[in-house]
Amino acid sequence: MRTFNHLITTRPHEVRQVFISDLHLSPEEPALVQAFLALLDDCLALPALKRLFILGDWFEVWIGDDAYLTLSDAARQTHWLTPLIAKLKQLRIKGCEILVMHGNRDFLLGQPFCNLFGGELIDEPHMLTIGQQHYRLEHGDALCTDDKKYQFFRKIMRNRLTQWYLLNKSLEKRLAIAEKMRQKSQQNNANKAAHIMDVNDEAVIQAVANSDALLHGHTHRPDIHQATTDKKRYVLGDWRLLNKDARKPTVSAVIGVMIANEHSDSNKAKFELVEFKLQV
């Protein structure tokens, strides 16, 4: 796996699509926010970039679009999300599509927020052709079928009636509910065996049955696996703060890129995982 301090490689014109997940952005981790802004600067400098995929858990918590949309103009000016929206809007104006998928942390994210920068919410699974192969894209939590309690919780939280009920509560109550859920999740995960929180082999085989490869995040275990004898499973990484106490901390993430030579046809495009490192 290649490592870059920036996405501006020796052949930047070959990067056509970028795939990221599990950023878990929040005002409590400004280094991660700065790293995302730096990635967007790199994306703006890539001359042939056509798509940016954010495959879930973009934010550590999302209690509803109205938490930002109802802010006054003055409040937005100093809000930590405003610079992200501005950069994403620049990227969209440049001609790059921004496609966002729900994760288990930000399932209340809506199209109205994405409209601020011209983004589009996409359903999972999302099918994508890269070269001559068909890739299945998803966040990844639905593949962890050994975790029965979580799958039951996921089914409830993804229900539209549940989401309507939550979004009709006050922002203060939603914040309290989100914090309680986060604490309970941390407690539950601390007591679970590691394999339970990883994907289930049978679930992977079923997921990849009608495609050539599977791409997901969620597990925070970036790697390339052999899903079946002839199909691969690519796992994107979470955004990690490597040396939090340093004066200039380093953020690391394993992301995906679709590469295509500017002089070749699209059938020769290929996908690979790379490590993105940035000193903040």
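The values are calculated or read from the model by the stated rules, or taken from the named source; none is laboratory data. Predicted, not measured: the structure shown is a model, and the values here were computed from it. Because the Cβ atoms are built from the backbone with ideal geometry, glycine has one as well, and the counts that use them run over all protein chains shown. Heavy atoms of the whole protein, side chains included, go into the accessibility calculation; ligands, DNA and RNA do not. Shrake-Rupley method; radii C 1.70, N 1.55, O 1.52, S 1.80 Å.
Lys169 - would you say it is surrounded by 14 or more Cβ atoms within 10 Å (Cβ to Cβ) and either free of Cβ contacts under 8 Å to residues at least 12 places away in the same chain or not in a helix (DSSP H, G or I) (or both)?
Values: surrounded by 14 or more Cβ atoms within 10 Å (Cβ to Cβ): yes; either free of Cβ contacts under 8 Å to residues at least 12 places away in the same chain or not in a helix (DSSP H, G or I) (or both): yes.
Answer is yes for this residue.
Yes or no: Arg240 within 16 Å of the chain's Cα centre (by Cα), at pLDDT below 95 and among the basic types (Lys, Arg)? Don't jump to the end; show me each part of the working.
Working: within 16 Å of the chain's Cα centre (by Cα): yes; at pLDDT below 95: yes; among the basic types (Lys, Arg): yes.
In short, yes.
Failed condition for Ile98, given (1) in contact with a strand residue (DSSP E or B) (Cβ under 6 Å, 6 or more places away or on another chain); (2) within 23 Å of Leu166 (Cα to Cα), with all others met?
Of (1) in contact with a strand residue (DSSP E or B) (Cβ under 6 Å, 6 or more places away or on another chain); (2) within 23 Å of Leu166 (Cα to Cα), only one is false for Ile98: (2).
Taking the options Asp123, Asp147, name whichever one is farther than 24 Å from Leu44 by Cα and surrounded by 14 or more Cβ atoms within 10 Å (Cβ to Cβ).
Values: Asp123 fails: surrounded by 14 or more Cβ atoms within 10 Å (Cβ to Cβ).
Within the list Asp123, Asp147, the selection yields Asp147.
Does Arg136 satisfy the criteria of being among the charged types (D, E, K, R), within 28 Å of Ala203 (Cα to Cα) and either open to solvent by less than 50 Å² (accessible area, probe 1.4 Å) or part of a strand (DSSP E or B) (or both)? Full working, then the answer.
Values: among the charged types (D, E, K, R): yes; within 28 Å of Ala203 (Cα to Cα): yes; either open to solvent by less than 50 Å² (accessible area, probe 1.4 Å) or part of a strand (DSSP E or B) (or both): yes.
Spelling it out, Arg136 is indeed among the charged types (D, E, K, R), within 28 Å of Ala203 (Cα to Cα) and either open to solvent by less than 50 Å² (accessible area, probe 1.4 Å) or part of a strand (DSSP E or B) (or both).
So which residues in region 223-242 are surrounded by fewer than 22 Cβ atoms within 10 Å (Cβ to Cβ) and in a loop (DSSP other than H, G, I, E, B)?
Within region 223-242, Thr229, Asp230, Asp238, Leu242 qualify.
State the number of residues belonging to region 172-210 that are of a type in the set (S, T, N, Q), surrounded by 14 or more Cβ atoms within 10 Å (Cβ to Cβ) and modelled with pLDDT under 90. Write out each step before concluding.
Within region 172-210, the first condition is being of a type in the set (S, T, N, Q), and the residues that meet it are 183, 185-189, 191, 200, 206, 210.
With the extra rule that they be surrounded by 14 or more Cβ atoms within 10 Å (Cβ to Cβ), the set shrinks to 185, 188, 200.
If we keep only those that are modelled with pLDDT under 90 too, we end up with 185, 188.
So the count comes out to 2.
So if I check each of Leu137, Leu116, which one is in contact with a Leu (Cβ under 7 Å, 6 or more places away or on another chain) and at pLDDT 95 or above? Spell out the reasoning first.
Values: Leu116 fails: in contact with a Leu (Cβ under 7 Å, 6 or more places away or on another chain).
Unique residue meeting the criteria: Leu137.
Within the set of pairs 6+ apart or on separate chains, which have a first residue in region 143-156 that is in contact (Cβ under 8 Å) with a residue 12 or more places away in the chain, a second that is β-branched (Val, Ile, Thr) and part of a helix (DSSP H, G or I), and C-beta atoms under 8 Å apart?
From residues that are in contact (Cβ under 8 Å) with a residue 12 or more places away in the chain, the pairs are Leu143/Val204; Cys144/Ile196; Asp146/Ile196; Asp147/Ile196.
Hey, can you tell me all the residues within region 243-259 that are in a strand (DSSP E or B) and out of contact with any helix residue (DSSP H, G or I) (no Cβ under 6 Å at 6 or more places or on another chain)? Working first, answer last.
If we filter region 243-259 for residues that are in a strand (DSSP E or B), which is where we start, we get 250-259.
Of everything in region 243-259, those that are in a strand (DSSP E or B) and out of contact with any helix residue (DSSP H, G or I) (no Cβ under 6 Å at 6 or more places or on another chain) turn out to be Thr250, Ser252, Ala253, Val254, Ile255, Gly256, Val257, Met258.
Out of (1) touching a strand residue (DSSP E or B) at 6+ places or on another chain (Cβ under 6 Å); (2) at pLDDT 95 or above, what's the single condition that is false for Thr250?
(2)
Filter region 260-280 down to the residues that are at pLDDT 90 or above and touching a Phe, Trp or Tyr at 6+ places or on another chain (Cβ under 8 Å) and list them by number. Before the answer, list the steps.
We begin by selecting, within region 260-280, every residue at pLDDT 90 or above; these are 270-275.
Once the filter is applied, which keeps residues that are at pLDDT 90 or above and touching a Phe, Trp or Tyr at 6+ places or on another chain (Cβ under 8 Å), region 260-280 yields Phe271, Leu273, Val274, Glu275.
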